[in-house]
Amino acid sequence: MKLLGIKVGNGLGLGKCLFVDTQLPNINQGSATDLNEEITKVNDAIDKSIKDYEDIIASLDDEDLKSLTEFNKNVLISPSIKKEMENIINDKKCYGDLAIDVYFNNKIKQLESLDNNYLKERAKDVKDIRHKVLSKYYNVVEFNPDNLKEDVVLVSREMTANVLLTDNLKYVKGIVSELGGKTSHIGILTTSLGIPSVFG
């Protein structure tokens, strides 16, 4: 069987196929019964995400990856972020995951509408931050390349940049993602890291 896709970067990657599930549960559109509990869960998800990024920054030597991770952390330590999500929960009487989704989607749309290429690119980072915070809200254990013991080609429906925020990528020989392309955030990152990849 032959599968065709968009080549991103140069080189040949050989390794065992390892499926990385980055899919998250569907956003709960219902009405929450305990709004205070949802606010607490959202705040915990943000705090855990910040701690994750701080741990990653402390472990990184690559300055580009460190700069990207610093940006992600700084988005989450904004004084207004928790209050804005709390307001969404109270206004919509919704679950925390909807508040997270609404908040970050608004930020993504704002960035994408700006007449500034650098800030437009940051919208891709914010999508990864949204994924990180939702993972913490759902208590989903994220894939960690540090645990690899043999050469692999990572395969996913939609690979996120969070997977690559580590210096320990020696066993990652390639990436295959159903979604994405050369100009996607993950595509740009794999190219800069020299990891042969196929998207689409």
For the stretch 179-200, how many residues are farther than 11 Å from G9 by Cα and part of a helix (DSSP H, G or I)? 2
Restricting attention to the stretch 21-70, which residues are open to solvent by 60 Å² or more (accessible area, probe 1.4 Å), touching a residue at least 40 places away in the same chain (Cβ under 8 Å), in a helix (DSSP H, G or I) and over 25 Å from Y171 (Cα atoms)? K41, D44, K48
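Being within 30 Å of L14 (Cβ to Cβ) and either assigned to a helix (DSSP H, G or I) or in contact with an Asp or Glu (Cβ under 9 Å, 6 or more places away or on another chain) (or both) narrows it down to one residue among V155, V176, V126, V133; which is it?
Numbers: V176 fails: either assigned to a helix (DSSP H, G or I) or in contact with an Asp or Glu (Cβ under 9 Å, 6 or more places away or on another chain) (or both); V126 fails: within 30 Å of L14 (Cβ to Cβ); V133 fails: within 30 Å of L14 (Cβ to Cβ).
The conditions single out V155.
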Would you please list the contacts, defined by Cβ atoms under 7 Å and residues six or more apart or on different chains, that run from a residue in the stretch 1-20 that is in contact (Cβ under 8 Å) with a residue 12 or more places away in the chain and over 15 Å from L154 (Cβ atoms) to a residue that is hydrophobic (A, V, I, L, M, F, W, C) and surrounded by 11 or more Cβ atoms within 10 Å (Cβ to Cβ)? I6/V198; I6/F199; K7/V198
Six or more apart or on different chains, Cβ atoms under 9 Å: show the pairs whose first residue is in the stretch 164-193 and closer than 22 Å to L3 by Cα and of a type in the set (D, E) and whose second is outside any loop (DSSP other than H, G, I, E, B) and modelled with pLDDT of 85 or more. E178/V155; E178/S156; E178/F199
Checking the conditions here, which among K120, K93 is touching a helix residue (DSSP H, G or I) at 6+ places or on another chain (Cβ under 7 Å) and more than 23 Å from F71 (Cβ to Cβ)? K93
Restricting to the stretch 77-116, name every residue that is in contact with an Asp or Glu (Cβ under 7 Å, 6 or more places away or on another chain) and not in a helix (DSSP H, G or I). Y95
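Please verify whether L18 is open to solvent by 70 Å² or more (accessible area, probe 1.4 Å) and of a type outside the set (S, T, Y), treating the condition exactly as stated. Walk me through how you get there before you give the answer.
On the way: open to solvent by 70 Å² or more (accessible area, probe 1.4 Å): no; of a type outside the set (S, T, Y): yes.
Spelling it out, it is not the case that L18 is open to solvent by 70 Å² or more (accessible area, probe 1.4 Å) and of a type outside the set (S, T, Y).
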Considering residues of the stretch 77-107 that are of a type outside the set (F, W, Y) and open to solvent by less than 10 Å² (accessible area, probe 1.4 Å) only, the residue nearest to V42 (Cα to Cα): G96
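Picking from V152, V133, V126, which residue would you name as being crowded, with 18+ Cβ neighbours inside 10 Å, more than 30 Å from T40 (Cβ to Cβ) and at pLDDT 90 or above?
Working: V133 fails: more than 30 Å from T40 (Cβ to Cβ); V126 fails: more than 30 Å from T40 (Cβ to Cβ).
It is V152.
What number of residues within the stretch 37-75 are among the β-branched types (V, I, T), within 14 Å of the chain's Cα centre (by Cα) and at pLDDT below 95? Break it down stepwise before answering.
Residues of the stretch 37-75 that are among the β-branched types (V, I, T), as a first pass: 39-40, 42, 46, 50, 56-57, 69, 75.
With the extra rule that they be within 14 Å of the chain's Cα centre (by Cα), the set shrinks to 46, 50, 56, 69, 75.
With the extra rule that they be at pLDDT below 95, the set shrinks to 56, 69, 75.
Final tally of qualifying residues: 3.
The values are calculated or read from the model by the stated rules, or taken from the named source; none is laboratory data. Predicted, not measured: the structure shown is a model, and the values here were computed from it. Heads up, the Cβs are rebuilt from the backbone with ideal geometry, glycines too, and the neighbour counts pull from every protein chain shown. Side chains included, ligands, DNA and RNA excluded: accessible areas come from the protein's heavy atoms. Shrake-Rupley method; radii C 1.70, N 1.55, O 1.52, S 1.80 Å.
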